[in-house]
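Visitor: Pasting in a structure now, in structure tokens, and then I'll have a few things to ask.
The values are calculated or read from the model by the stated rules, or taken from the named source; none is laboratory data. The structure presented is a predicted model; accordingly, all values stated were derived computationally and were not measured. No Cβ is skipped: glycine too gets one built from the backbone with ideal geometry, and neighbour counts run over all protein chains shown. For accessibility, only protein heavy atoms count, side chains too; no ligands or nucleic acids. Shrake-Rupley method; radii C 1.70, N 1.55, O 1.52, S 1.80 Å.
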Amino acid sequence: MTETSVSGPAEVWITGIGLATSLGEGLDANWDALDQGRVNVDEKAFAPYIVHPWAPLNFDKQIPKKGDQRQMEAWQRIGTYAAGLALDSAGVKGDKEILGRMDMVIAAGGGERDLSVDTSILNAQAMGNSAPGFLNERLMSDLRPTLFLAQLSNLLAGNIAIVHGVCGTSRTFMGEEVAGVDATRIALARIAAGQSDIALIGGSHNGERKDLLVLYEFGDYNLTNKYAPVWEREGHSGFALGSVGAFLVIESKAHATARGAKPFARLTSAVADHSQRKQPGEVTATLEKLWSQISPPEGGGAIITGATGAEPATSEERAFLAKHPDFVVRSTGTRFGHTMETQFALGLGLAALSVSRGSLFPPGDSSGVEIEMSKPPTQIVVVGTGHWRGEGMALVESIK
């Protein structure tokens, strides 16, 4: 295990990125889609709600056993697939020695429901056909055991361990957007402190779920009827759920150097907070406080934000962005939709990819919030503002 030096914490590198999104599989496919300004949205399948559907692919390439695939629900297949891409990207896929001690820190939501069972039970109750004990009987007879397991948030980490052999310590964070921030923060702190050498971080989200759309509709959060970029939703606020798997391999510089790994970028800091949101402006103030904690460079850079499009959080985040005009802004929600727990990892992956390729992908709208960036980005701040709670930031930097 890596020891911290007397000079300070260990430097942490991002050495692997796995992306499986609505725009495609892998780094090149996603980068090309971003460069071409493509957006994959579906306005009909879940009308009036807008979703960013996952791009179809062959699960066999990362989850070779059909039995493993069958016992997972969609969000777990998406995550396990993206985790395999990250391990491939880092050059550790199949390395039993490294995988045997690689830590996992996962951001995950609640599991998926069996809608046909839920619907039949609700219909029977509505029609007065539910005798005493009816609910227990139906749940015991209609739900298959694997479905119950698929509803456990820590089963994503379990399936990654089964399929890919990642067998170090495992932590799973729940709590929508801020779960992704905390997964990053904890993994970074452990490696910087010498408590871990290498970790797999990230999550997955299946946005093509009627139960989720109903849940968020209760809070009036869904974008409806017509797609619009995040910054062009004034008067028509809301988020369009997206299906994404995003994972990163992060490790100490010493560990990466010893195995000859080439880094994408350096992960310098990650911080989180939770404003009360009882008064206007509290989100803006909290983001300013986090900004001072990560110490971004003077002279400008770039910001990749997971802004949701839901109000009032997005307007308050926009007020924060306006205070930093030297930083060019990009929104992941415009291109990929909103992916809850996975949004922060997605932003980190795109930031590291942008730094490593020496350019920032083009603006996603014509609102004026996003403008062209002519110089190569060397520092990118990733921002995560929850649709109703939680804020976080991380700083990703180039390695000279």
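Visitor: So which residues in segment 165-191 are open to solvent by 20 Å² or more (accessible area, probe 1.4 Å) and outside any loop (DSSP other than H, G, I, E, B)?
Guide: Answer for segment 165-191, where residues must be open to solvent by 20 Å² or more (accessible area, probe 1.4 Å) and outside any loop (DSSP other than H, G, I, E, B): Ser170, Arg171, Thr172, Phe173, Val178, Asp182, Arg185, Ile186, Ala189, Arg190.
Visitor: Condition check: within 23 Å of Ala285 (Cα to Cα), hydroxyl-bearing (Ser, Thr, Tyr) and outside any strand (DSSP E or B). Does Ser359 satisfy that? Break it down into steps so the answer makes sense when it comes.
Guide: Details: within 23 Å of Ala285 (Cα to Cα): no; hydroxyl-bearing (Ser, Thr, Tyr): yes; outside any strand (DSSP E or B): yes.
Against the criterion (within 23 Å of Ala285 (Cα to Cα), hydroxyl-bearing (Ser, Thr, Tyr) and outside any strand (DSSP E or B)), Ser359 does not qualify.
Visitor: Of (1) within 16 Å of the chain's Cα centre (by Cα); (2) open to solvent by less than 10 Å² (accessible area, probe 1.4 Å), Val92 satisfies all except one. Which?
Guide: With respect to (1) within 16 Å of the chain's Cα centre (by Cα); (2) open to solvent by less than 10 Å² (accessible area, probe 1.4 Å), Val92 is out only on (1).
Visitor: If I filter segment 116-145 down to residues being assigned to a helix (DSSP H, G or I) and in contact (Cβ under 8 Å) with a residue 24 or more places away in the chain, which single residue comes out as surrounded by the fewest Cβ atoms within 10 Å (Cβ to Cβ)?
Guide: We begin by selecting, within segment 116-145, every residue assigned to a helix (DSSP H, G or I); these are 116-126, 134-142, 145.
Within this subset, residues satisfying the condition of being in contact (Cβ under 8 Å) with a residue 24 or more places away in the chain are 117-118, 142.
Numbers: Val117: 16, Asp118: 16, Asp142: 14.
The extreme case among them is Asp142.
Visitor: Under 7 Å between Cβ atoms, which residue pairs at least 6 apart in sequence (or on different chains) link something in segment 74-103 that is at positive phi with a partner that is outside any helix (DSSP H, G or I)?
Guide: Gly91/Ala261
Visitor: Name the residues in segment 195-227 that are in contact (Cβ under 8 Å) with a residue 40 or more places away in the chain, in a loop (DSSP other than H, G, I, E, B) and open to solvent by 10 Å² or more (accessible area, probe 1.4 Å), would you? Outline the logic, then answer.
Guide: Within segment 195-227, the first condition is being in contact (Cβ under 8 Å) with a residue 40 or more places away in the chain, and the residues that meet it are 195-211, 213, 217, 219, 221-227.
Subset that is in a loop (DSSP other than H, G, I, E, B): 195-197, 206-209, 219, 221, 223, 225-227.
Those that are in contact (Cβ under 8 Å) with a residue 40 or more places away in the chain, in a loop (DSSP other than H, G, I, E, B) and open to solvent by 10 Å² or more (accessible area, probe 1.4 Å): Gln195, Asp197, Asn206, Glu208, Arg209, Gly219, Tyr221, Asn225, Lys226, Tyr227.
Visitor: Can you tell me how many residues within segment 27-49 are at positive phi and crowded, with 18+ Cβ neighbours inside 10 Å? Show your work before the answer.
Guide: Of all residues in segment 27-49, those at positive phi come to 37.
Subset that is crowded, with 18+ Cβ neighbours inside 10 Å: none.
Selection size over segment 27-49: 0.
Visitor: When residues of segment 288-319 are filtered for being farther than 20 Å from Leu223 by Cβ and out of contact with any strand residue (DSSP E or B) (no Cβ under 6 Å at 6 or more places or on another chain), how many remain?
Guide: Number satisfying all stated conditions: 8.
Visitor: Might you check whether a residue that is open to solvent by 60 Å² or more (accessible area, probe 1.4 Å) and not aliphatic (A, V, I, L, M) occurs anywhere in segment 237-251? Spell out how you get there, then give the answer.
Guide: Here is the first cut: in segment 237-251, the ones open to solvent by 60 Å² or more (accessible area, probe 1.4 Å) are none.
No, every residue in segment 237-251 fails to be open to solvent by 60 Å² or more (accessible area, probe 1.4 Å) and not aliphatic (A, V, I, L, M).
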